[in-house]
Amino acid sequence: MALLLISKPERAVVWKRLFETAGEPIVLGAEAVGDPSEITHIACWVPPADLQTYPNLRMIISVGAGTDHIGNLPDGVRLVRTLAPGIEAMVRDWVVMAALMLHREMPLYIKQAQTGIWDGLPSLPAGQRRVGIMGMGRIGQLAARTLSDLGFAVTGWSRSGNPVDGIEIYGSDALGSFLAQSDILVCLLPLTEETRKLLDADLFARLPRGARLVQAGRGAQLDMDAMLSALDSGQLYSAMLDVTDPEPLPPEHPAWRHPRVIITPHIGAHTDAEEGACHALNVLRADRNGLEIPGLVDLAKGY
Ligand code: NDP
Ligand code: OXD
């Protein structure tokens, strides 16, 4: 029983040290596998194409928080995402930064600074801006708390509508009411068949006029053409995106040059090597002892 890690050398060095300390066998890189039947777990971003060559494979562990980039798995192989407080805090920070930047008109001021224009718009206090967060999971809840502490009126939307302490939550059947009061809409949803292209013209039309969009989920959730049209019509005022479809976004894409759009290259989070290795060790122990697997993906729900 061994874990195969497919990752960068600098991550591999850290995992090797921690696995050796824990007495857990690890193989670094597919080319180092001697007997494929020894591999029971693979940790990677993109899995190898030849998964069928590992007859005893039990799990794929994504080294990131998302798993939508991992295609179909052989029958019986389970999918796990990395749970790491560092990832969650980093994405929370990016979302809070983006919400504040849009709240305080930074796309405009960055544009004006390029030609030395000194011209201020009136600004609102945070308490007069309503933030709606789509996806109230681990990261959505963290972002909601911080934005609420900053004074924004925060609400959340999730599939289940499960309550979250101190935040008003709308369930999936109340999307319209949720959108109607989201001056800043934050997307922190996983990519599933239900959320693909969810951020489209129809959804933008249900937001208050002049709403702002913060997209940290996955690029394929956003209809970019619809976003650009909504920006041009004034239905959306500005947007900040960390994820696009495709990634990288081609240099000629018009969103790069839109004066009220800011794009960052999927830098919301990086998985800390130690945190990732500790999570994988927890997964191995849970699997061995028949316990609940931390970060196990429900393949029927898609996240
Ligand atoms: P979680 O699985 O903890 O939470 C997902 C949330 O989305 C849950 O609240 C869930 O509802 C909700 N949800 C899922 N599907 C639907 C739906 N169809 N309708 C309404 N709500 C839905 O995920 P995390 O918070 O850990 O991460 C969220 C996403 O953030 C990741 O999947 C990834 O795409 C993105 N991400 C981006 C990063 C970046 O660098 N930009 C880095 C890390 C993550 P319920 O509570 O009812 O289950
Ligand atoms: C992700 C990550 O899932 O960077 O986007 O962890």
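Values in this text are rule-based calculations from the coordinates and carry no lab data. Worth saying up front: this structure is predicted, and the values here are computed from it rather than measured. Methodologically, a virtual Cβ is constructed for each residue, glycine included, from the backbone with ideal geometry; neighbour enumeration extends over all protein chains shown.
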> Conditions: (1) touching a helix residue (DSSP H, G or I) at 6+ places or on another chain (Cβ under 9 Å); (2) under 22 Å from Ala286 (Cα atoms); (3) surrounded by 15 or more Cβ atoms within 10 Å (Cβ to Cβ). Leu79 meets all but one. Number of the miss?
Replying inline: (1)
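Is the stretch 247-257 home to any residue that is closer than 30 Å to Asp183 by Cα, more than 16 Å from ligand 2 (Cβ to nearest atom), surrounded by fewer than 18 Cβ atoms within 10 Å (Cβ to Cβ) and basic (Lys, Arg)? Full working, then the answer.
Taking the stretch 247-257 and keeping what is closer than 30 Å to Asp183 by Cα, we get 247-257.
With the extra rule that they be more than 16 Å from ligand 2 (Cβ to nearest atom), the set shrinks to 250-257.
Add one more test, that the residue is surrounded by fewer than 18 Cβ atoms within 10 Å (Cβ to Cβ), and what stays is 250-254, 256-257.
Among the residues that remain, those that are also basic (Lys, Arg) are: 257.
Yes, the stretch 247-257 has at least one match.
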> Which condition breaks for Ile87 when tested against (1) β-branched (Val, Ile, Thr); (2) touching a Ser or Thr at 6+ places or on another chain (Cβ under 8 Å); (3) over 30 Å from Thr155 (Cβ atoms)?
Replying inline: (3)
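Limited to the stretch 148-185, what total is found for residues that are touching a helix residue (DSSP H, G or I) at 6+ places or on another chain (Cβ under 6 Å) and either of a type in the set (D, E, K, R) or within 18 Å of Gln215 (Cβ to Cβ) (or both)?
Kept after step one, since they are touching a helix residue (DSSP H, G or I) at 6+ places or on another chain (Cβ under 6 Å), are these residues of the stretch 148-185: 150-152, 154, 156-157, 159, 164, 167, 170, 184.
Next, only the ones that are either of a type in the set (D, E, K, R) or within 18 Å of Gln215 (Cβ to Cβ) (or both) stay: 152, 154, 156-157, 159, 184.
The total comes to 6.
Any idea which of Leu241, Leu299 is within 30 Å of Ala201 (Cβ to Cβ) and either of a type outside the set (D, E, K, R) or away from ligand 1 (no atom under 16 Å from the Cβ) (or both)? Explain how you work it out, then say what you get.
Values: Leu299 fails: within 30 Å of Ala201 (Cβ to Cβ).
On inspection, the qualifying residue turns out to be Leu241.
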> Which of the residues belonging to the stretch 255-303 are closer than 24 Å to Asn72 by Cβ and in a strand (DSSP E or B)?
Replying inline: Leu296
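Please determine, by comparing only the residues of the stretch 59-92 that are more than 8 Å from ligand 1 (Cβ to nearest atom) and of a type in the set (Val, Ile, Thr), which one is farthest from Pro190 (Cα to Cα). It would help to see each step written out before you state the result.
First, the residues of the stretch 59-92 that are more than 8 Å from ligand 1 (Cβ to nearest atom): 59-63, 69-80, 82, 84-86, 89, 92.
From what's left, of a type in the set (Val, Ile, Thr): 60-61, 63, 70, 77, 80, 82.
Details: Ile60: 18, Ile61: 16, Val63: 15, Ile70: 13, Val77: 21, Val80: 14, Thr82: 14 Å.
Restricting to residues being more than 8 Å from ligand 1 (Cβ to nearest atom) and of a type in the set (Val, Ile, Thr), the top hit is Val77.
Do we have any residue at all in the stretch 229-246 that's surrounded by fewer than 19 Cβ atoms within 10 Å (Cβ to Cβ), hydrophobic (A, V, I, L, M, F, W, C) and free of Cβ contacts under 8 Å to residues at least 60 places away in the same chain? Lay out the reasoning, then the answer.
Narrowing the stretch 229-246 to residues surrounded by fewer than 19 Cβ atoms within 10 Å (Cβ to Cβ): 229, 232-234, 245-246.
In the following step, the residues that additionally are hydrophobic (A, V, I, L, M, F, W, C) were identified as none.
Among the residues of the stretch 229-246, not one is surrounded by fewer than 19 Cβ atoms within 10 Å (Cβ to Cβ), hydrophobic (A, V, I, L, M, F, W, C) and free of Cβ contacts under 8 Å to residues at least 60 places away in the same chain, which makes the answer no.
Please state which one of Ala180, Ala174, Ala201, Ala153 is touching an Asp or Glu at 6+ places or on another chain (Cβ under 8 Å), among the small types (Gly, Ala, Ser) and away from ligand 2 (no atom under 16 Å from the Cβ). Break it down into steps so the answer makes sense when it comes.
Working: Ala180 fails: touching an Asp or Glu at 6+ places or on another chain (Cβ under 8 Å); Ala174 fails: touching an Asp or Glu at 6+ places or on another chain (Cβ under 8 Å); Ala153 fails: touching an Asp or Glu at 6+ places or on another chain (Cβ under 8 Å).
Being touching an Asp or Glu at 6+ places or on another chain (Cβ under 8 Å), among the small types (Gly, Ala, Ser) and away from ligand 2 (no atom under 16 Å from the Cβ) holds for just one of Ala180, Ala174, Ala201, Ala153, which is Ala201.
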>> Looking at Ile61, Ile70, can you tell me which residue is within 16 Å of ligand 2 (Cβ to nearest atom), assigned to a loop (DSSP other than H, G, I, E, B), among the β-branched types (Val, Ile, Thr) and more than 13 Å from the chain's Cα centre (by Cα)?
In response: Ile70
>> Looking only at the stretch 259-289, count every residue that is within 13 Å of ligand 1 (Cβ to nearest atom) and either within 30 Å of Thr115 (Cβ to Cβ) or not acidic (Asp, Glu) (or both) and tell me the total.
In response: 11
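When you check Gln181 against the structure, is it under 22 Å from His103 (Cβ atoms) and surrounded by fewer than 21 Cβ atoms within 10 Å (Cβ to Cβ), yes or no?
Values: under 22 Å from His103 (Cβ atoms): yes; surrounded by fewer than 21 Cβ atoms within 10 Å (Cβ to Cβ): yes.
Against the criterion (under 22 Å from His103 (Cβ atoms) and surrounded by fewer than 21 Cβ atoms within 10 Å (Cβ to Cβ)), Gln181 qualifies.
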>> Looking at the structure I just gave you, is Ala22 of a type in the set (Gly, Ala, Ser) and closer than 28 Å to Ile267 by Cα?
In response: no
> Just for the stretch 250-303: of the residues that are in contact with a helix residue (DSSP H, G or I) (Cβ under 7 Å, 6 or more places away or on another chain) and among the β-branched types (Val, Ile, Thr), which one is farthest from Ala239 (Cα to Cα)?
Replying inline: Ile293
>> Out of everything in the stretch 23-36 that is over 11 Å from Leu3 (Cβ atoms) and in contact with a helix residue (DSSP H, G or I) (Cβ under 8 Å, 6 or more places away or on another chain), what residue ends up being surrounded by the most Cβ atoms within 10 Å (Cβ to Cβ)?
In response: Pro36
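Within the stretch 159-170, can one find any residue that is among the polar types (S, T, N, Q), loosely packed, with under 15 Cβ neighbours inside 10 Å, over 26 Å from Ala226 (Cβ atoms) and within 14 Å of ligand 1 (Cβ to nearest atom)?
We begin by selecting, within the stretch 159-170, every residue among the polar types (S, T, N, Q); these are 160, 162.
Filter once more, keeping what is loosely packed, with under 15 Cβ neighbours inside 10 Å: 160, 162.
Subset that is over 26 Å from Ala226 (Cβ atoms): 160, 162.
Subsequent filtering for residues that are within 14 Å of ligand 1 (Cβ to nearest atom) retains 160, 162.
There is at least one residue in the stretch 159-170 that is among the polar types (S, T, N, Q), loosely packed, with under 15 Cβ neighbours inside 10 Å, over 26 Å from Ala226 (Cβ atoms) and within 14 Å of ligand 1 (Cβ to nearest atom).
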